[in-house]
1. Would you give the gap between the C-alpha center of the stretch B:102-124 and the C-alpha center of the stretch B:422-474, rounded to a whole Å?
2. Cut-off under 27 Å on the C-alpha distance; same-chain residues fewer than 8 positions from residue B:39 excluded. Which lysines are left, in chain and number order?
3. Please rank B:267, B:119, fewest neighbouring Cβ atoms within 10 Å first, as an exposure proxy.
4. Which order results if B:188, A:63 are arranged by neighbouring Cβ count within 10 Å, fewest first?
5. Please arrange B:111, B:429, B:415, B:273 by counting, for each residue, the other beta carbons lying within 10 Å of its beta carbon, fewest first.
6. Taking the Cβ of residue B:440 as the center, what net charge do the other residues with Cβ under 13 Å away carry, scoring Lys and Arg +1 and Asp and Glu -1?
7. Cut-off 14 Å, label point 7 angstrom out along Cα-to-Cβ of residue B:418: give me the residues of the stretch B:366-400 whose amide nitrogen falls inside.
8. Given R₀ = 45 Å, FRET efficiency for residue A:36-residue B:444 by Cβ-Cβ distance, to 0.05?
Amino acid sequence: MMKIEAIIQPSRFGSVKEALHEIGIEGMTVTEVRGHGRQKGHTEIYRGREYTVDLLPKMKLEMVLPDALVDQALAAIMKTAKTGMIGDGKIFLSRIDEAIRIRNDERGENAL
Amino acid sequence: MKRRCLLLLALSIFAVVPLALFSATASFGQSATPTDFSKATSSEKLSQLDQRVTAAQSSADNAWMLVSAALVLMMTGPGLALFYGGLVRRKNTLAIMLQSFALMALITVMWALVGYSLCFGGNGSVIGGFEHALLRGVGAEPNADYAGTIPQTTFMVYQLMFAIITPALITGATAERMKFSGSVLFMMLWFLVVYAPLAHMVWGKGGFLNAALGGRFPTLDFAGGTVVHISSGVSALVCALYLRKRSGYPQQPMPPHSLVLSFIGACLLWVGWFGFNAGSALASNGLASSAFVATHFAAAAAALAWSAAEWFKNGRASALGAISGAVAGLVAITPAAGFVGPMPALAIGMVAGAFCYWMVTKVKAIFQYDDALDAFGVHGAGGTIGALLTGVFAQQAINPIYGAGKPVGGLDGHWGQVGNQLVGVLIAWGFALVGTIVLLKIVDMITGLRVSTEEEEAGLDITQHGEEAYNLEA
């Protein structure tokens, strides 16, 4: 099992989710987050006072997948989340030791 | 426990009854029914007709004045409460809104006890007397000195709404760091020591700045440029300096938490201002229409001027800029509303929009005072420029306040009026300045003024009131 954490542009979220559904991914957890990498923020001006907003709104998608689905999922995200501009986000992969379905105590890939 | 509640209830009734009896002299009696019109002699008919005409005018004026009173209350809550509420950080939303609301309750009670009398009772040159304390003698009969066609009760409640919003304006400067207890005590004292005398000097019978009733230095102030905006704006500046900056200002960003709230608030202020300015005609007449129009045009011109200044400076016009400009224009036209036509109103609005933009963005940055929500930059500055421009633009064609054929403002041929305006402005500035410093010292000794740094960090909503504006777990 692998966990995919993808931090993407909010404007791409709809397409990414659709593409993931199309390849049969049924579960994910989504959070509205703020952060920045190399992308610089923008300035906002309120009554003449300038504020640099460097933590920009992003969407974070988390999903734990059986190994067989991982490559497909990555390809789907890469294809749909990319605008080619700075600030498109990042994907992190990590190995997952165990998954448990709370309702019936199923374990491993059955629990996904 | 129950018994103690009952006891308290009984005690409070005993306390209120004598007060009520004491002031029961106010009469709301109807005039005697006239004899049958068809059987009356012609002279009786004439006098009856006369009564009926008077009654009809009184009804019309009273209807408009009651609506105006309600409009002016709407400026404080929700208008100002939303306008300020959106401009603070989210942890201080309820605290700033409650300060406006608390004044709606607090000033109302004080007004009934002594406030109205101190402003409009007696004929002292600086302050009124206790003639109308507990609203004695304030009933359905008009008070001919102030508004001869409406019940004095209406005049009384209309003026009350002005006394509510004026201290509420100051809370914009003390936002996000003043103790609630200190704020309540300060506002009570400020109303008695600064507002009441100023209102009497400018509007009260015998007041030495009163233009309508022959004061020594007749200052034109139609709806409260000096009494409301200069007094609150200048006091706001003093408060901001005395309280010092919010911790983290100006290094830490403190952007408004919801410009949507501020936007709604500003639009309510604009609408409410028709009651404030057009209502100050104290009748439903041509002067009210003229003031209504001047008010609206000045607000529009100022919104454009502030936006244009921003567009020129930053390359973009902003929502906060547009609404701030409109408020600045409304402030500046307040003293002039009943003295100028639409074209001078546009000019006053233009000047005020640009001037307040400069005050808020440049002057505040140079002197580094933390007037958190720009109560001074908009009300103090806008009120001052408006009061002076009133002296320039006032026209006898709109309001022959000095008698028919006598020029009123500078362009009318009476440049001395600008000097009179200057006297009024200086007195309002001086009075607000000194009064506020003294009161801040006193309140600082009794309750303290500023919350601790920890409380400021946590926010005033939680530390002063034990609640939050936005509960994520609810």
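Where a number appears in this text, it was derived from the coordinates with a stated rule and is not lab data. Just so you know, these numbers come straight off a predicted model, no measurement behind them. Cβ placement follows ideal geometry from the backbone for every residue including glycine, while neighbour counts extend to all protein chains displayed.
1. Centre-to-centre (Cα) distance: 22 Å.
2. Of all the lysines, none pass the test against residue B:39 - Cα under 27 Å, at least 8 places apart if same chain.
3. Fewest-to-most ranking of B:267, B:119: B:267, B:119.
4. B:188, A:63
5. So the ranking, lowest neighbour count to highest, is B:415, B:429, B:111, B:273.
6. +3
7. Counting backbone N atoms under 14 Å from the label point, the list is B:385-394.
8. For R0 = 45 Å, the calculated efficiency reads 0.55.
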